[in-house]
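Working notes, beginning with the structure itself.
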Amino acid sequence: TNDRDRASFMDTLPFEYPCFGLGDYRESAFKIMDANGMSTCDLRYVSHKMYEGKPKLEGLPATFATEESGCSTLEITMYDKYADIEVVLIYTAFDKLDVITRSAVITNKSEKPFKITRALSACVDFDTDKMDMITLNGSWARERAVERCRLHHGKQLVDSCRGESSHQNNPFVALCDNNADEDKGEVFGFNFVYSGNFYAQAEVTQHKKTRFLMGINPLDFEWLLEKGESFACPEVVMVHSDEGIGKMSRTFHDLYRNNLIRGEYKDKRRPILINNWEATYFNFDTDKLIDIAKEASKLGIEMLVMDDGWFGHRDSDNSSLGDWFVYEKKLKGGLKYLVDEVNKLGMKFGIWFEPEMISPDSELYKAHPDWAIQIKGRPLTLCREQYVLDYSRKEVRDHVYGMMKKILDSANIEYIKWDMNRQLSEVGNEVFPPERQREIWHRYVLGVYEMQERLLTDFPDLLLENCAGGGSRFDAGMLYYSPQIWTSDDTDAIERCRIQYGTSMVYPASSISAHVSASPNHQTGRLTPFETRGNVAMAGAFGYELDLTKLTDEERALVRKQVAQYHAYYDIIQNGDLYRLVSPFENDVCCAWEYVSADRSEALLTFVVTKCRVGFTTFIRLRGLDPEKRYQDVETGRIYSGDTLMNVGVNLSRYWKDSESLICYFREVTE
Ligand code: GLA
């Protein structure tokens, strides 16, 4: 025997939940600090059981079974007899989709407390290193750009340690064949159903194998588990596709539409909204909002959303977060008067909150300066003139919830935009003992979930839209509470092509909140035709965000046309199958995508010239149609076979100008 291999032979074996300290030198999924200061743990199989259905993860968002989509669960119980720790690995397989979800529940069976210092949710050991890694990276106003790299020796990590899933990296990774594309090749997609610090890592080992891990970021994470207590690791959704990246996305979309998004608006048509943020910023009052609503109602828009600036004495972003009572100077006559007036126009009313935040200039801060997350004796870092409220503490949540409920009870409010505009720093408080300080990151996220659950329980008809400085918390955790999420603070249609394209890797169109805004665009200064702004926003939860009172007659007519299109195409966009046809990350002239109805009788193609090159010609080949069927382009009346549309394509060679675009609707003809 070769003694040198006695320990490291563990490196050659695949593990489902590898522990630290036993000689598997790859990254581990589980690590502890026991009462004696030791970090080794040896979890061994004890038993397993299988049953129909899917268990709930207490206090955490997760996918669920429905009557139509059955699933079965496998629970494997593991045990370390030295430290008396039990870990139950939970796997659920969905009957009709290539999906397995994973999580783990850790229980302290001993008399003594111990600390969990790493508790990831999923580990998959692949027998190959010949894979590419696809991730969604970006920054504020430039979220979820698709990036693809070949795996190489060592560790390739995407993560967040910002307290939110982040603009910078999304909790998503796909590992795929080197030659996989939208339509072919094997793809494994991983998405974390969590909105805080995450960790997703692929590690290529000495033996040319790949370990993939996903879960709560171990960085600065600790959790003290007393005798008898349990800790639940959030869920990882694992999708398999043998028909390329496109099929992986469609599987995520189906799963999230049916088995993650809940409530009234799961199936109900979302109202077309007008949000006043880019129309007025902080400079509005009751009269201005009613003027906008009047114009909106004439154009067929269904809801007015009053954004930031209606509370405390907020005239800019430097005050009043935490003071959730009406700013009388702006809302003359009060909130109920405004809401009633909007309702009289036949429109719904929605409102903006940023419930996790506190301004130093606020009554709340005067009364409770210690409610901001902070380390006593150290200065707090200001960001956007605000601090973060300590949502790990129930009294803080209760107080904020009380204020919100009072507002919601005071008028007919049917929608909330829940915003979160800064990341966490100096994480600590004066309440928890030292050995529990490192729990605040996760307890904070649990607090956010608890608040949103409370809202939905008390106001079950509410449409909740999450937002975090644009798209900093666009994750599956948030989708469990809000069927739509504000995708990005960049509303420029051309930039949005990239942002929405990347977002569509995982998240369905119905969740991608998208608005028509002004031109020149406020973020980029770019001029885009009104049609293109509509065509791009139509690929999501649709709305407007500009001063409607300043539109020309021609623009007003276009709004009416877009509203009609939104109604006509609602089902195919919101519930259809998405095919990404031309990637704005790979093609610097144009991009294109398509939705196909489940019965393949309809298809909707969107084509956008992202950067004009004079004389460029293109045929766009459709996907997902029935080659035998005949389809009519409803606009031109031309009829094509599905075969022709998919193999020859639609001829879109014309004299395109910058930022022009087109929507083509194809319907099956039977006669
Ligand atoms: C964030 C949101 C915007 C807007 C502002 C208001 O940036 O993403 O849509 O609500 O806050 O301050």
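Things to note:
- Taken over segment 445-484, residues that are of a type in the set (S, T, Y) and out of contact with any strand residue (DSSP E or B) (no Cβ under 8 Å at 6 or more places or on another chain) amount to 4.
- Remark: pairs (first residue in segment 263-292, small (G, A, S); second residue surrounded by 17 or more Cβ atoms within 10 Å (Cβ to Cβ); Cβ separation under 6 Å; 6+ apart in sequence or on different chains) = A279/L546; A279/D547.
- Against the conditions (1) open to solvent by less than 50 Å² (accessible area, probe 1.4 Å); (2) assigned to a strand (DSSP E or B); (3) closer than 23 Å to S28 by Cβ, V146 satisfies every one except (3).
- Segment 289-314, residues that are more than 15 Å from L335 (Cβ to Cβ) and either touching an Asp or Glu at 6+ places or on another chain (Cβ under 6 Å) or away from the ligand (no atom under 16 Å from the Cβ) (or both): D291, K294, E295, A296, S297, K298, L299, G300, I301, E302
- Answer from L289, L260 - the residue that is among the aliphatic types (A, V, I, L, M), crowded, with 23+ Cβ neighbours inside 10 Å and closer than 30 Å to V99 by Cβ: L260
- Top-ranked residue of segment 57-100 - restricted to ones that are within 22 Å of R262 (Cβ to Cβ), small (G, A, S) and without any contact (Cβ under 8 Å) to a residue 60 or more places away in the chain, ranked as surrounded by the most Cβ atoms within 10 Å (Cβ to Cβ): A93
- Meets criteria (more than 26 Å from N191 (Cα to Cα), surrounded by 17 or more Cβ atoms within 10 Å (Cβ to Cβ), among the polar types (S, T, N, Q) and within 16 Å of the ligand (Cβ to nearest atom)) for N318: no
- Long-range neighbours under 8 Å by Cβ, at least six apart or interchain, first residue on the phi > 0 side of the Ramachandran plot within segment 458-470, second of a type in the set (V, I, T) and within 14 Å of the ligand (Cβ to nearest atom): G470/T487
- Count of segment 44-56 residues which are in contact (Cβ under 8 Å) with a residue 24 or more places away in the chain and either on the phi > 0 side of the Ramachandran plot or crowded, with 18+ Cβ neighbours inside 10 Å (or both): 1
- A single entry from R384, R378, R454, R422 fulfils the requirement of being surrounded by fewer than 19 Cβ atoms within 10 Å (Cβ to Cβ) and within 16 Å of the ligand (Cβ to nearest atom): R384.
- The set of residues in segment 497-532 being of a type in the set (D, E, K, R) and in a loop (DSSP other than H, G, I, E, B) consists of R526 alone.
A quick yes/no check of all residues on (1) among the hydrophobic types (A, V, I, L, M, F, W, C); (2) touching a Lys or Arg at 6+ places or on another chain (Cβ under 6 Å):
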| site | (1), (2) |
| --- | --- |
| P379 | no, no |
| L389 | yes, no |
| E395 | no, no |
| D398 | no, no |
| M403 | yes, no |
| E414 | no, yes |
| K417 | no, no |
| V427 | yes, no |
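- Output for segment 267-283, where each listed residue is more than 10 Å from the ligand (Cβ to nearest atom), over 21 Å from the mean Cα position of the chain (by Cα) and either open to solvent by 10 Å² or more (accessible area, probe 1.4 Å) or at positive phi (or both): A279, T280, N283
- For segment 509-567, the tally of residues that are surrounded by fewer than 17 Cβ atoms within 10 Å (Cβ to Cβ) and among the β-branched types (V, I, T) stands at 3.
- Applying a threshold of 7 Å to beta carbon distances and a minimum spacing of six or more residues, or different chains, the list of pairs starting in segment 293-310 at a residue that is more than 16 Å from L321 (Cβ to Cβ) and open to solvent by 10 Å² or more (accessible area, probe 1.4 Å) and ending at one that is more than 16 Å from the ligand (Cβ to nearest atom) and assigned to a helix (DSSP H, G or I) reads E295/L548; E295/T549; G300/R560; G300/V563.
- The criterion of at least 2 residues that are of a type in the set (F, W, Y) and more than 28 Å from V445 (Cα to Cα) is met by the following strands (runs of 3 or more DSSP E) wholly inside segment 21-83: 44-52.
- Check on Q562, under 25 Å from Y655 (Cα atoms), at pLDDT 95 or above, in a helix (DSSP H, G or I) and touching a strand residue (DSSP E or B) at 6+ places or on another chain (Cβ under 9 Å): yes
- Long-range neighbours under 7 Å by Cβ, at least six apart or interchain, first residue within 16 Å of the ligand (Cβ to nearest atom) within segment 401-418, second charged (D, E, K, R) and open to solvent by 10 Å² or more (accessible area, probe 1.4 Å): Y415/K348
- Counted as qualifying within segment 593-671 are the strands (runs of 3 or more DSSP E) with 3 or more residues that are under 23 Å from P508 (Cβ atoms) and open to solvent by 20 Å² or more (accessible area, probe 1.4 Å), namely 661-669.
- Condition met for K405 (part of a helix (DSSP H, G or I) and not aliphatic (A, V, I, L, M)): yes
- Residue check for D461: away from the ligand (no atom under 16 Å from the Cβ) and in contact with a helix residue (DSSP H, G or I) (Cβ under 8 Å, 6 or more places away or on another chain): yes
- Evaluation of K332 against (1) out of contact with any Gly (no Cβ under 9 Å at 6 or more places or on another chain); (2) open to solvent by less than 10 Å² (accessible area, probe 1.4 Å) (one fails), failing number: (2)
- Filtering segment 199-217 to residues that are assigned to a loop (DSSP other than H, G, I, E, B) and either open to solvent by 20 Å² or more (accessible area, probe 1.4 Å) or not hydroxyl-bearing (S, T, Y) (or both) leaves Q206, H207, K208, K209, N217.
The values are calculated or read from the model by the stated rules, or taken from the named source; none is laboratory data. Just so it is clear, the structure is predicted and the values come from calculations on it, not from any experiment. Don't worry about glycine lacking a Cβ; one is built from the backbone with ideal geometry, like all the others, and counts go over all protein chains shown. Please note that ligands, DNA and RNA were not included when accessible areas were found on the heavy atoms of the full protein model with its side chains. Shrake-Rupley method; radii C 1.70, N 1.55, O 1.52, S 1.80 Å.
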